[in-house]
Amino acid sequence: METMLLKGNEALAEGAVRGGCRFYAGYPITPQSEILEYMSWRQNEVGGSFIQGESEIASVNMVFAATALGARALTSSSGPGFSLKQEGIAYWVSAGMPAVVACVSRYGIGDGFIGPGQDNYWQAVKGGGNGDYHLLVLAPNSVQENMDMAYESFELAEKYMHPVLILSDATIGQMLEPCTAPPMKEYDKDKAPWALKGTPIGQKNKVITDMTYNQDIDEWNRDYIRKMRLIMETEQRWEEISVPDADVVFVAYGISSRIAEGAVRLGRERGLKLGLIRPITLWPFPRKAFARLSDSVKGLVTVELNMMGQMREDVILASHWRCPAYSVTTAQRIPEVEQLVCFAESVLNGSAVEEEVF
Amino acid sequence: MAKSAPSIMKCENMFCAGCGHSLFDRLLGEVLTEMDIVGESISCSDIGCNHMYQYSMAVDTVVPPHGKMGAAMAAMKKVRPDKYIFSIAGDGGAYAIGLGETLSAATRNDNVTFFVMNNTVYAMTGGQMAPTTMPGQYSSSSIKGRTAEEHGRTFDVVKLMQNLEIAYLARCTVTNAAEMAKTKRCIKKALEKQRDGKGFSLVEVLVPCPTNWGLTPPEAMRHIENDLVPYLPLGEYIDR
Ligand SMILES: Cc1ncc(C[n+]2csc(CCOP(=O)(O)OP(=O)(O)O)c2C)c(N)n1
Ligand code: SF4
């Protein structure tokens, strides 16, 4: 194991390379361009391929085709660029291609801003393109996790033949932290069972396509929904901090979860029983963490860099309205630890309002 | 055309009677077989009537979204540089929704091959006007006939690409045995350019769509000869 000092975006790229990524295509957009820049030289070093696509649309379809031919392939983007990839990602899903996309979230609607945001939560976890699907969504909250999640993402995608989204954000992407790099994985694209390599005359050729034409659609639907249920059942991941005796439990992922963790510590120093559930997979959402909550919890509080409290809906579904669900939404600003502790106090003294903001 | 179909052609095909796509596919199948490169080929389908070659030709195939073949083939060639990478594309796919990707592949001189089936309409969706629809041509979205004033000028790939540094650019058709023989030579030459690492090749094939043109198959062939070819001359435009 090697210790490196890297920016989050670089760690994500290096983690992917060590996880076997040998194809990258992307288009520049802040705050993710370091992934593209890193891949431009790193793929050469490891004998892989890099293409700076003419657009996000081109890049996402390059990754589709590279995966179809057996390569472990990654693309990455942010904001409007991630929106442009949605059509292509839907094709990955319907063709069952284990490709990986990273979104280094920035804040805003349309072009938006280059600073961090968590306002594309819905886009990331509810589908994004057309059709019935969720991606497997991993939410790192440190440079180390950017590396680790990119490292494991291909095997996870291949386990289900379903794409993985790494939903990072501008803060994690841009910050420097030391991290431990895992060993290089061996991967042989010729051994990938789905890979197109050319079929000689007389043997059965392969077609990698979206689902609709080549097979019985009812059968396809059955297998697909079985897969989605299996992912929901087996892949829920989360971290808990001081939850068992907590009166107020924060729910936060990514950069917000680091502030919420600070708030739990500060609150506890002041005698408030605060806890944190940090979803690590955003889809499947870690419902199991909420099923285990004690009845004494007075409130669940999501902490989100958006205006509408997008994740609150999933918290309500997971907790079945057993206790009030609030959101501290800070739009384009990173929340303050003190602000979260004050909000928790207002939940405890009954002055907090459950606001319906959408 | 050879007397019997090459063995990679499965007998069933889903095209209408008199469809030009099936004639082209047959010629391509023959070339792949004669060059003995079926096992070395990976095709990239468009979405449109053209994509039905998948059901009649036994060759490995990727189907990206409609029009995105230029991007997909760039990646395919990077991942498997030793394979022949080609696309059977529609004119709508290659020249309208996918023009950016097609042109980017050409300007990079990617070592891949486009076979573009120009039937002057979006056939699969019911014969709407495409960039290639001819002046005066009726279509389901230009019911009084296309005019440059109302709908813009007709697209001509030769005008667009003739000054690019690409390996091969040709236009041909399938209206009779002599033209089919020429088309077969163009197909072969394009694939040879790729084999020799010369770069981007594009062969546009003027093909009939009797169904959406509202013509019988023989009338559709005559329409190509009389109305398309004078406006879109056949020939090899780039060969380096
Ligand atoms: C993004 C997207 N837009 C529209 C369509 C609908 N569509 C399917 S085939 C087609 C037309 C294809 O026309 P062309 O490329 O000329 O091929 P042809 O059918 O004439 O062979 C269209 C518009 C689609 N599948 N995807
Ligand atoms: S509609 Fe036209 S292009 Fe499509 S199969 Fe029929 S003849 Fe061919």
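The values are calculated or read from the model by the stated rules, or taken from the named source; none is laboratory data. The structure displayed is predicted, hence computed values, not measured ones. As a convention, Cβ positions derive from the backbone with ideal geometry for all residues, glycine included, and neighbour counts pool all protein chains shown. Accessible surface areas use protein heavy atoms only, side chains included; no ligands, DNA or RNA. Shrake-Rupley method; radii C 1.70, N 1.55, O 1.52, S 1.80 Å.
What to note about this one:
- Some residue of the stretch A:180-188 being assigned to a helix (DSSP H, G or I) and within 14 Å of chain B (Cβ to nearest Cβ): no
- Checking A:Ile259, A:Ile280 one by one, the residue that is among the β-branched types (Val, Ile, Thr) and under 16 Å from A:Tyr121 (Cα atoms) is A:Ile280 and no other.
- Against the numbered list (1) within 17 Å of the chain's Cα centre (by Cα); (2) more than 9 Å from every other protein chain (Cβ to nearest Cβ), B:Met35 comes up short only at (1).
One line per residue, one yes/no per condition, for (1) more than 15 Å from A:Lys7 (Cβ to Cβ); (2) without any contact (Cβ under 8 Å) to a residue 40 or more places away in the chain; (3) of a type in the set (Asp, Glu); (4) in a helix (DSSP H, G or I):
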residue	(1), (2), (3), (4)
A:Leu74	yes, no, no, no
A:Pro80	yes, no, no, yes
A:Cys103	yes, no, no, no
A:Phe113	yes, no, no, no
A:Ala124	yes, no, no, yes
A:Gly131	yes, no, no, no
A:Met147	no, no, no, yes
A:Glu152	yes, no, yes, yes
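- Some residue of the stretch A:104-111 being over 16 Å from A:Cys21 (Cα atoms), modelled with pLDDT of 95 or more, touching a strand residue (DSSP E or B) at 6+ places or on another chain (Cβ under 8 Å) and within 14 Å of another protein chain (Cβ to nearest Cβ): no
- Given (1) within 7 Å of chain B (Cβ to nearest Cβ); (2) part of a helix (DSSP H, G or I); (3) touching a helix residue (DSSP H, G or I) at 6+ places or on another chain (Cβ under 6 Å); (4) surrounded by fewer than 24 Cβ atoms within 10 Å (Cβ to Cβ), number of the condition A:Glu34 does not satisfy: (1)
- Residues of the stretch B:88-125 that are open to solvent by 10 Å² or more (accessible area, probe 1.4 Å), hydroxyl-bearing (Ser, Thr, Tyr) and assigned to a helix (DSSP H, G or I): B:Ser104, B:Thr107.
- Some residue of the stretch B:65-87 being open to solvent by less than 10 Å² (accessible area, probe 1.4 Å), part of a helix (DSSP H, G or I) and within 16 Å of ligand 2 (Cβ to nearest atom): no
- Answer from A:Tyr91, A:Tyr121 - the residue that is at negative phi, away from chain B (no Cβ under 14 Å), aromatic (Phe, Trp, Tyr) and touching a helix residue (DSSP H, G or I) at 6+ places or on another chain (Cβ under 9 Å): A:Tyr121
- Pair list, Cβ < 8 Å and 6+ apart or interchain, from the stretch B:85-110 residues that are over 25 Å from B:Glu192 (Cβ atoms) to residues that are open to solvent by 30 Å² or more (accessible area, probe 1.4 Å) and among the hydroxyl-bearing types (Ser, Thr, Tyr): B:Gly92/B:Tyr122
- Flag if B:Ala170 is in a helix (DSSP H, G or I) and either away from ligand 1 (no atom under 15 Å from the Cβ) or polar (S, T, N, Q) (or both): no
- Residue within the stretch A:62-82 that is surrounded by fewer than 24 Cβ atoms within 10 Å (Cβ to Cβ) and under 15 Å from the mean Cα position of the chain (by Cα) present: no
- Selection count, the stretch B:88-109, where residues are within 16 Å of ligand 2 (Cβ to nearest atom) and of a type in the set (Val, Ile, Thr): 1
- The stretch B:84-140 - residue that is under 26 Å from B:Thr33 (Cβ atoms), more than 13 Å from ligand 1 (Cβ to nearest atom) and among the hydroxyl-bearing types (Ser, Thr, Tyr) and, of those, nearest to the other protein chains (Cβ to nearest Cβ): B:Tyr84
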